[in-house]
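Take a look at the structure below.
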Amino acid sequence: MLALADLPPDALREVEAVLDGDAESLIVHRAADGGVRAWLNVCPHAGRRLDWAPGQFLRDRAGHLVCAAHGASFALDDGRCVAGPCRGEGLRPVPVHCAQGRVWLGPEPV
């Protein structure tokens, strides 16, 4: 899906992936501690993409992800909306894991 080297700490990347047979845009975030999270690139407020241009995301001073359409702000530790029109809702998480220097779609194998 994505090379871990292409995702520096605190970076956001947009990637395309097939989920349940449909092509979807995902937001992938690598936390400062190295943990990687992913969500659908869809704002729960109006169903629009969060990026202002493909792969270009806005952040506020606190580091939250900001929806380019209506200004909703999302915490990057769990995807919850912390300000704006969808406060209390959250981004839809997509399971990812890291192995062999890459970020892979799906939960970590057991």
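The values are calculated or read from the model by the stated rules, or taken from the named source; none is laboratory data. Not measured: the values here are computed from a predicted model. Here Cβ is always computed from backbone atoms with ideal geometry, including for glycine, and neighbour counts include all displayed protein chains.
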>> Between a residue in segment 34-59 that is under 25 Å from Trp104 (Cβ atoms) and any residue that is of a type in the set (Lys, Arg) and outside any loop (DSSP other than H, G, I, E, B), which pairs come within a Cβ distance under 8 Å, given they are 6 or more apart or on different chains?
In response: Val36/Arg30; Gly55/Arg13
>> Between a residue in segment 84-110 that is more than 29 Å from Ala68 (Cβ to Cβ) and of a type outside the set (Lys, Arg) and any residue that is assigned to a loop (DSSP other than H, G, I, E, B) and at pLDDT 95 or above, which pairs come within a Cβ distance under 6 Å, given they are 6 or more apart or on different chains?
In response: Pro107/Pro95
> Does Pro9 fit the bill of being assigned to a loop (DSSP other than H, G, I, E, B), without any contact (Cβ under 8 Å) to a residue 40 or more places away in the chain and within 14 Å of the chain's Cα centre (by Cα)?
Replying inline: yes
